[in-house]
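Notes to accompany the following structure.
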Amino acid sequence: MKKPPILWTNVLVFTLTFVIALIGVPAYGYYYGFSSVHLIATILTLGYAGMSITVGYHRLWAHKTYDAHPFLQFILALGGAFALQNSALHWSSDHRIHHKFVDQNDKDPYSAKKGFWFSHIGWMLRDYQGNSYSDYSNVRDLQKNKIVMWQHRHYLLLSILMNFGIPIVLGIIFNDIWGMLLTVGVLRLVLSHHFTFFINSLAHIWGSQPYTDKNTARDNGLLALLTYGEGYHNYHHIFETDYRNGIRWYHFDPSKWFIKTASYLGLTSNLRKVPEDKIAAAKLTMQKYKTESKLTSLELPDHHEIMAKLEAEYELMIEKIKSYSQAKRQLLAAKKQKASEAVISELQHTMQQLKQQLAKQQTQWQQIRMQYA
Ligand SMILES: [Zn+2]
Ligand SMILES: [Zn+2]
């Protein structure tokens, strides 16, 4: 099959910036030197560009996991132009297709099944989308968003203004225009590009699959460090409406922390979270699948009995998870409605009991799993 034509603008931008970052930046540093100001400015602007993509393009516009004040949307739209990854409208359209048809080589725009190079950058180097490039039928909601459409219409101008403007202004302030153009301009852009691209490539190749193996998405704590929390991609692909990607408090997810902190300032609202029991059930089902396939490979004489036992323990686990979460919700509702102390303590007692039962069942579940792990 004939390959689609090469998109020379993209090839040139990616190649030139990469070469300058690799050779030009160290050479300038060698002859003229960089100071800590360059380093700090590069890190801060890298964070601004990267988080505009994760907090803005990804979690706000593509997935609508929360609502944002127009002021924050404006800042994110500018940061998105600074990150140079196409307009929020186009990016979100591509991304929604990616989720809907994940891993389907003919539909997923950056299908990981086509390999690392393609899903990382290759998909942008040729005109693979052809006629469907301007089909925005899956982002009609965003077409009603004034800020998204303003950014889309003036995308080229905004990206030039941001990518040259910010380094030049910093260069004037700190008296090194070329140094800032190289670091905050080029080096920041290259790092920002590739860190984000890792989400489409590495986060679909490298890591664990605790929630689902129906697609290639992986959870990878290391990758979360470079991607502002988007390394928990296995979770994200199964629960895309959650504003968090790393759901535990200790998961490195600065995008989640930013969205949550902004909610206290009134800049974000309606933060959507998947209920804990639903998450636990998905994880449990995945554990069951893994144990089942292990058991099948072992070909034990009492295979059917063990399978039946596993199934029974699984059902019990689901039941316990459900009743515990229900009790938790009831308690929360009672507290909200300012119920009497007697009612609350009764509910608390029930919840504690159910919690203990769940813990006991959990031990049993782990035992049967570990036996055949
Ligand atoms: Zn997504
Ligand atoms: Zn993905």
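No value in this document is a laboratory result; all are computed from the given coordinates. What you see is a predicted model; the values in this text were computed from it and never measured. Counting neighbours? That spans all protein chains shown, and the Cβs are built from the backbone with ideal geometry, glycine included.
May I ask you to derive the FRET efficiency for Thr261 and Tyr372 from their Cβ-Cβ distance with R0 = 41 Å, giving the value to the nearest 0.05?
Computed FRET efficiency for Thr261 and Tyr372 comes out at 0.40.
Grab the Cα-Cα distance for Gln326 and Ser137, subtract it from 0.36 nm times how many residues apart they are, and report the gain in nm with one decimal.
Stretched fully, the Gln326-Ser137 segment lengthens by 64.1 nm.
Give, rounded to the nearest 20 debye, the magnitude of the charge dipole that the stretch 276-371 has about its Cα centre when Lys and Arg contribute +1 at Cβ and Asp and Glu contribute -1 at Cβ.
Values: 16 positive and 12 negative charges, 126 e Å.
Using Cβ point charges on Lys, Arg, Asp and Glu, the stretch 276-371 gives about 600 debye.
Quick one: go through the stretch 349-373 and flag any residue whose amide nitrogen is under 17 Å from the point 7 Å out along the Cα-to-Cβ line of Leu316.
Correct set: 354-372.
Of Ser137, Asn220, His38, which is farthest towards the positive pole of the chain's charge dipole, taken about the Cα centre with +1 and -1 on the beta-carbons of Lys, Arg and Asp, Glu respectively?
Highest projection toward the positive end goes to Ser137.
Sort out for me the Cα centre separation of the stretch 61-140 from the stretch 155-194, rounded to whole Å.
23 Å
For a quick check of your reading of the filter: which trypsin sites (Lys or Arg not before Pro) in the stretch 330-364 sit in a DSSP loop and have no more than 13 other Cβ atoms within 10 Å?
Details: sites: Lys335, Lys336, Lys338, Lys355, Lys360; in loops: Lys338.
Of the trypsin sites (Lys or Arg not before Pro), the ones in loops of the stretch 330-364 whose Cβ has at most 13 other Cβ atoms within 10 Å are Lys338.
So if R0 is 41 Å, what FRET efficiency would Tyr32 and Asn270 give, r being the distance between their Cβ atoms, rounded to the nearest 0.05?
Approximately 0.25, to the nearest 0.05.
Can you give the three extents of the C-alpha atoms in the stretch 276-371 along their principal axes, from longest to shortest, in whole Å?
57, 19, 16
Once R0 is set to 45 Å, what does the formula 1/(1 + (r/R0)^6) return for the Cβ-Cβ distance between Ile43 and Lys290, expressed as a FRET efficiency to the nearest 0.05?
Here the calculated transfer efficiency is 0.70.
Checking understanding here: applying a Kyte-Doolittle mean of at least -1.0 and a length along the axis of at least 20 Å (C-alpha), which whole DSSP H helices in the chain pass? Walk me through the numbers before you get to the answer.
Values: long enough: 36-51 (22 Å, 1.41); 155-174 (28 Å, 2.26); 276-298 (33 Å, -0.67); 303-336 (49 Å, -0.63); 341-371 (45 Å, -1.04).
Answer set is 36-51, 155-174, 276-298, 303-336.
Among His69, Ala342, Gln353, whose Cα sits farthest toward the positive end of the charge dipole of the chain (+1 at Cβ of Lys/Arg, -1 at Cβ of Asp/Glu, about the Cα centre)?
Of the candidates, Ala342 comes out farthest on the positive side.
If you stretched the chain out fully between Leu225 and Lys278, how much longer would it get, using 0.36 nm times the residue separation minus the C-alpha to C-alpha distance?
On the way: separation 53, 0.36 × 53 = 19.08 nm, distance 2.63 nm.
Gain on stretching Leu225 to Lys278: 16.5 nm.
Could you give me the percent of Cα pairs per 10 Å distance bin for the chain, shortest bin first, beginning at zero and ending with the bin that holds the maximum distance?
For the chain, the pair-distance distribution reads 5, 19, 27, 23, 14, 9, 3, 0.
Where nothing but the Cβ of Lys and Arg (+1) and of Asp and Glu (-1) is charged, how large is the charge dipole of the stretch 8-269 around its Cα centre, in debye to the nearest 20?
In debye, rounded to 20, the stretch 8-269 gives about 320.
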